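Okay, so here's the structure we're looking at.
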Amino acid sequence: MSENKAEAVPAEAVEALSLSGADSNQRQNITPWDVEGAVVDGVRQAIDYEKLTNEFGTRKIDAALLERFEKVTGRPAHLFLRRGIFFSHRELDKILDRYEQGKPFYLYTGRGPSSGSMHIGHMLPFVFCKWLQETFDVPLVIQLTDDEKYLFKNDLKLEQVRENAAKAVREIAAIGFKPEKTFVFSNIDHIGGAFYRNILQISRCITFNAAKATFGFNDSDYIGKIHFPSVQAAPALCSTFPEIFGTRKDIPCLIPCAIDQDPYFRLTRDVAPRLKHKKPSLIHGRFLPALQGPTAKMSSSIDASAVFLSDTAAQIKKKINRYAFSGGRTSLEEHRQFGGDPDVDVPYQYLTYFIDDDQELAALAEGYRKGEISSGEMKARCIQELQHIIGSFQERTKAVTDQLAKDLCDPNFPRPYAALANK
């Protein structure tokens, strides 16, 4: 029997993930809108994160920085840190300096609501942000870039992105964020006042040439696309949120995000000092691979590439069993004899994001390499974990009240951090 062959992938996924029309050799392409591994001799490769850090000019989170993080915070590193899932940074050390000195900072992250539900890859930065917020006890602002999705996805109507944003608020609430410490805002509904003033100032600091060089815009792109980087940059300036920070300009933020978002904030870091603000710091995460393997990330527009937080237990089981790329051998007999490769096995890779027990994870990898654990057994363990996580999440989503969603999005909700505005 075949041990590692998944069932046929739907045509939509094949078309989106294939090399049809591609050259035999291509550089990897990592932008805020496209994530593709390099092509070598006609074969799509996994994302090269070492190359990304060099190209983007970021720094790796090394053992020394992790040790300092644990010493400063008094907490063990989150599994995303100790396993290198969040692996790169820009001046994370300066945030640790401020924490040691008792100086304020805040967290900033976001969600582009292109679909009615997040997939598990979208959830990761929010899980990490919640841990960071609890660790540092700082405010968190969450930008819903519904405007960006409308501008960049021609098949979406304005009403759709607004509905998706409203659903995103409830999913974000289900992760456990409280309005006392968290402000969630839709760009379409919230832009104005101090926010828009900062957008204007930022937009006058970024030339069209700079935007083209950073994002690859061309003369056929809508002007809304070209202007959007100013919108995503503005929440990195604390004066965008006068209800929390008043008119202060001396409070920086830490931005946990996938590394494809870094180009936005490279520009922001250039602009911030010109507007008398502190540069934002960043901490970058790896992409959760598509079900088809590590050459691309999960995509909301390709159902067979992703496991969604709205999927039923049966859908999760079907997707993992049918579509998840396996590192096993072509037959169970060969797998028992030669073992499999957990480094390319998608079910095992998913477990590295969600199983906290390092010993269990190491045992799964060792057993797989020795052939003692089959691909079917690895998939079953992955299905079990994802069904538990997503099932629990769905129960919490049902418990989110209209009032909680409203409070999270209320800029004037009483937040204890508002005292910062008076200092």
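The values are calculated or read from the model by the stated rules, or taken from the named source; none is laboratory data. The model shown is predicted, which means the values in this text are computed figures rather than measured ones. Here the Cβ is made from the backbone with ideal geometry for all residues, glycine too, and neighbour counts use every protein chain on show. To get the accessible areas, we keep the full protein, side chains included, count just its heavy atoms, and leave off ligands, DNA and RNA. Shrake-Rupley method; radii C 1.70, N 1.55, O 1.52, S 1.80 Å.
Brief remarks follow.
- Using the Cβ of I383 as centre and a radius below 13 Å, the other residues enclosed give a net charge of +3, where K and R count +1 and D and E count -1.
- Under 14 Å of direct C-alpha separation, and excluding same-chain neighbours fewer than eight residues apart, K276 reaches these aspartates and glutamates: D250.
- Around F308: net Lys/Arg minus Asp/Glu count, Cβ-Cβ under 11 Å: -2
- Taking the Cα centre of the stretch 140-226 as reference, the dipole from Cβ charges on Lys and Arg (+1) and Asp and Glu (-1) amounts to some 220 debye.
- Three-way shape call for the stretch 153-292 based on the alpha-carbon gyration tensor, with the a/c threshold at 1.5: rounded
- Point-to-point label distance, R266-D155, nm (Cα→Cβ direction, 7 Å offset): 3.0
- Taking the protein heavy atoms of the stretch 210-321 in the context of the full set of protein chains, the accessible area attributed to carbon and sulfur is 50 percent at 1.4 Å.
- Total charge dipole magnitude, the chain, about the Cα centre, Cβ charges on Lys, Arg, Asp, Glu only, Debye to nearest 20: 1420
- The calculated 222 nm mean residue ellipticity attributable to helices in the chain amounts to -14000 deg cm²/dmol, summing -39500 (n - 2.57) over DSSP H runs of n ≥ 4 and dividing by all residues.
- Considering only alpha-carbon pairs that sit under 8 angstrom and 6 or more positions apart, the relative contact order computed for the chain is 22 percent.
- Calculated from the structure at hand, Cα extents along the principal axes in Å is found among [x] 55, 54, 43; [y] 69, 51, 43; [z] 114, 71, 43 as [y].
- Peptides 261-272, 305-316 ranked from most to least packed give 261-272, 305-316, packing being the mean of other C-beta atoms within 10 angstrom over each peptide's residues.
- Think of a 1.4 Å ball rolled over the protein heavy atoms: the chain then has 45 Å² of accessible area per residue.
- Reachable aspartates and glutamates from K398, criterion Cα separation under 18 angstrom, eight or more residues apart if same chain: E163, E171, D311, D407
- Cα gyration tensor shape for the stretch 95-146, rounded if a/c is under 1.5, else prolate or oblate: prolate
- Area of C409 that stays accessible when all protein chains are in place (1.4 Å probe, Å², to 10): 50
- The dipole here belongs to the stretch 168-318: it is taken about the Cα centre, uses +1 on the Cβ of Lys and Arg and -1 on the Cβ of Asp and Glu, and is about 480 debye.
- Linear extension gain, T312 paired with E366, 0.36 nm per residue minus alpha-carbon span: 16.4 nm
- Extension gain (nm, one decimal) between Q384 and V43, 0.36 nm per residue minus Cα-Cα: 119.5 nm
- Prolate/oblate/rounded call for the stretch 49-286, Cα gyration tensor, a/c under 1.5 rounded: rounded
- Distance between the 7 Å Cα→Cβ label points at E395 and R27: 4.9 nm.
- A dipole drawn for the chain from +1 and -1 charges on Cβ atoms has a positive end, and of I206, H119, G193 the residue lying farthest that way is G193.
- Cα-based reach from K379 at 20 Å (exclusive), listing lysines while leaving out same-chain residues under 8 positions away: K5, K297, K317, K318, K319, K370
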